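Working notes for the structure below.
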Amino acid sequence: LRTVAESASARGSRVIEVSCGSAAPAPRGCFQRYEVAGLGQRHALLLYQADGVLVLPGGPETFWELMEVLALAHLAQHSKPLGLLNVGGFFTPYLHTLAHLYHTGFTHLDLSQRYLLCATEPHSLVQRLLAHPNWRFGAVPVEQASERRSYDV
């Protein structure tokens, strides 16, 4: 993630870090750094600050965070675009699980079709996210100085 954050910052994107007590240095070009008490606060702040969500392959925390953001969209708590980078079919079993929820009646609509933008190539996914009508890029100017804050949700 550090590589992605530093690359995005180098190309003019506003990068924030939300940490649960990590002593690790912030990525180069980090716009803001927040310290929070726990993962629930971290998730709330990340979603609040985000223009959209781009999910890369990862471990159990990735699936937890993805399901949380997807559930919040399903409950109409946000309308930000959700992008899934399905490199090598990494998320295909997850997408099948979402379809299974729909086909067995545990949700009234197909969550993956309704809320997720999926692509196998990063450039294609980023273009789809940027084209989404709810993308709100540019809410805070990049020129503002980096700062470190505490945040309580």
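The values are calculated or read from the model by the stated rules, or taken from the named source; none is laboratory data. None of these values were measured; they are calculated from a predicted model. Using ideal geometry, Cβ is built from the backbone for each residue, glycine included, and neighbour counts are taken over all protein chains shown.
Within region 1-57, restricting attention to residues that are free of Cβ contacts under 8 Å to residues at least 60 places away in the same chain and part of a strand (DSSP E or B), the residue that is surrounded by the fewest Cβ atoms within 10 Å (Cβ to Cβ) is 19. Would you mind stating whether residue 69 is within 21 Å of residue 130 (Cα to Cα) and either modelled with pLDDT under 85 or surrounded by 13 or more Cβ atoms within 10 Å (Cβ to Cβ) (or both)? The answer is yes for residue 69.
For region 47-59, which residues satisfy the criterion of being over 19 Å from residue 120 (Cβ atoms) and either at pLDDT below 90 or in contact with a Pro (Cβ under 6 Å, 6 or more places away or on another chain) (or both)? Once the filter is applied, which keeps residues that are over 19 Å from residue 120 (Cβ atoms) and either at pLDDT below 90 or in contact with a Pro (Cβ under 6 Å, 6 or more places away or on another chain) (or both), region 47-59 yields 47, 48, 49, 50, 51. For region 73-97, filtering for residues that are hydrophobic (A, V, I, L, M, F, W, C) and either modelled with pLDDT under 90 or part of a loop (DSSP other than H, G, I, E, B) (or both) leaves 5.
Would you check if residue 119 is surrounded by 14 or more Cβ atoms within 10 Å (Cβ to Cβ) and modelled with pLDDT of 90 or more? Considered against the rule, which asks whether it is surrounded by 14 or more Cβ atoms within 10 Å (Cβ to Cβ) and modelled with pLDDT of 90 or more, residue 119 comes out as yes.
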